[in-house]
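The values are calculated or read from the model by the stated rules, or taken from the named source; none is laboratory data. A quick note: this is a predicted structure, and the numbers were derived from the prediction, not measured. Ideal geometry is used to build each Cβ from the backbone, glycine not excepted, and the neighbour counts take in all protein chains shown. All accessible areas refer to the heavy atoms of the entire protein, side chains included, with ligands and DNA or RNA removed. Shrake-Rupley method; radii C 1.70, N 1.55, O 1.52, S 1.80 Å.
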Amino acid sequence: MSIWEQLRQIKEDGLRELENFLDAKELDSIRVRYLGKKGELTAILKQMGKLSPEERPAVGQLANEVRQALEAAVAASQEKLKEKELAARLEKESLDVTLPGKRRPLGGLHPLSIVQNDLIDIFQSMGFDIVDGPEVETDYYCFEALNVPKDHPARDMQDTFYLGENLLLRTQTSAAQARVMEQRTPPIRIVCPGRVYRADEVDATHSPVFHQMEGLVVDKGITMCDLKGCLEQFAHEIYGPETKVRFRPSFFPFTEPSVEVDVSCSECGGKGCRICKGTGWIEILGAGMVHPNVLRGCGIDPDVYSGFAFGIGIDRLTTTRYRVSDIRLLFENDGRFLSQFQGR
Ligand code: DAH
């Protein structure tokens with residue numbers, strides 16, 4: 001066979017093989033066999049030296065044409081292969097969109113957290129800062145700084161878990177008051193939400209751990225009037241604008257005068273029902289004007305500044321709002337109970 005014939009034969013054979021390859025591996029081996037360094041075309045070109053100088057350019061040109069034709073055919077085959085592979089993948093990965101979806105169980109906020117967040121929103125909108133205080137507290141901040149010395153009978157109002165002589169689980173978020181007054185200078189406007197502990201027997205309305213939110217405002221010229229306005233605003237936001245608010249004289253060692261605050265029962269509108277035990281009122285917090293001894297003990301001059309404070313019972317607010325009949329439900333974490341608050 002002449003070199004011309006050989007070149008034509010290579011082209012013909014190569015193109016035919018490239019029509020009928022099976023897969024990527026075979027395509028590549030065809031490419032190497034014809035176009036590779038040790039391939040057939042190269043082998044022929046090596047014989048060019050034996051040709052006469054007149055023949056060489058024409059043979060060279062034909063060889064180039066053959067190479068280009070084969071290269072183009074390889075490229076086209078590679079493209080075809082890619083398309084085939086894509087089509088196969090799409091076929092294999094096709095989704096059955098008519099299959100029903102899997103539902104994941106969804107968590108939600110605990111009712112106490114919902115109420116606490118609402119309280120935070122209300123007081124934040126009135127310009128209060130949110131502060132945090134330790135649950136393991138010293139006797140000083142929980143009692144002494146709040147005008148309750150060691151042998152004071154008011155200590156009996158709260159049955160305390162002592163962790164040592166001067167260390168205890170805070171019985172009231174009021175413990176945050178002195179900490180804040182020591183650190184800040186008036187005007188002070190804070191609320192402190194959190195857990196508190198008392199050695200109480202567990203029953204439908206008592207738990208050894210419960211939740212409070214302390215509020216404290218100290219500035220020049222603060223009066224009982226500011227306390228009433230603030231708490232009325234709060235009660236209306238929580239229970240609705242038709243809610244009536246009642247202040248009853250009371251006693252707390254760290255306030256003078258002291259009050260307990262009731263709201264008209266949102267269940268019966270004040271007529272008397274099971275929730276309000278027939279009284280038409282629900283007690284929600286204790287409050288008062290900060291005692292001069294407390295201010296003085298924290299380095300604030302009671303002749304210049306005055307303040308009010310309040311302590312809201314978050315658990316009571318939660319059980320009345322959601323008509324939960326037993327406080328223990330708030331602490332048992334039964335999914336059947338908690339799931340009722342999803343999305344509230
Ligand atoms: N700490 C009180 C309690 O646990 C509630 C309270 C009453 C807080 C009057 C106050 C206050 O800040 O002024 O019963």
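Table for the structure above
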read-out: Carbon and sulfur %, accessible surface of the range 129-213 computed with the full protein complex present, 1.4 Å; value: 48
read-out: Accessible area, probe 1.4 Å, largest first, for residues PHE161, PHE143, PHE247; value: PHE161, PHE247, PHE143
read-out: Choice from GLU79, GLU144, GLU135 showing the highest fluctuation, given a GNM over the chain with Cα pairs closer than 10 Å; value: GLU79
read-out: Whichever lysines have a C-alpha closer than 26 Å to that of LYS271, once near sequence neighbours (fewer than 8 apart) are set aside; value: LYS228, LYS244
read-out: The range 1-76: trypsin sites (Lys or Arg not before Pro) in DSSP coil with no more than 10 other Cβ atoms inside 10 Å; value: LYS37, LYS38
read-out: Heavy atoms of CYS268: accessible area, 1.4 Å probe, square angstrom to 10; value: 20
read-out: Selection from PHE123, GLN9, GLY194, by position along the positive dipole direction of the chain (Cβ); value: GLN9
read-out: Fraction in percent of alpha-carbon pairs per bin - 20 Å, the chain; value: 23, 32, 7, 10, 18, 10, 0
read-out: Percentage relative contact order, the chain, counting C-alpha pairs under 8 Å, at least six apart; value: 15
read-out: Accessible area per residue in Å² at 1.4 Å probe, computed on the range 39-161; value: 67
read-out: Computed log₁₀ I(q)/I(0) - Debye formula, equal Cα scatterers, no solvent, the range 40-194, q 0.20 Å⁻¹; value: -1.23
read-out: Area of GLU260 that stays accessible when all protein chains are in place (1.4 Å probe, Å², to 10); value: 40
read-out: Accessible-area composition of the range 256-344, carbon plus sulfur, in percent [1.4 Å probe]; value: 44
read-out: Among LEU22, ILE300, GLY101 - extreme Cα towards positive end, dipole of the chain, charges at beta-carbon; value: LEU22
read-out: Rounded to the nearest 20 debye, dipole of the range 216-303 from Cβ charges on Lys, Arg, Asp, Glu; value: 360
read-out: Projected label distance in nm at ASP301 and VAL97, using a 7 Å step from Cα toward the beta-carbon; value: 7.6
read-out: Semi-axis lengths (Å, descending) of the ellipsoid that matches the C-alpha gyration tensor of the range 14-129; value: 73, 21, 11
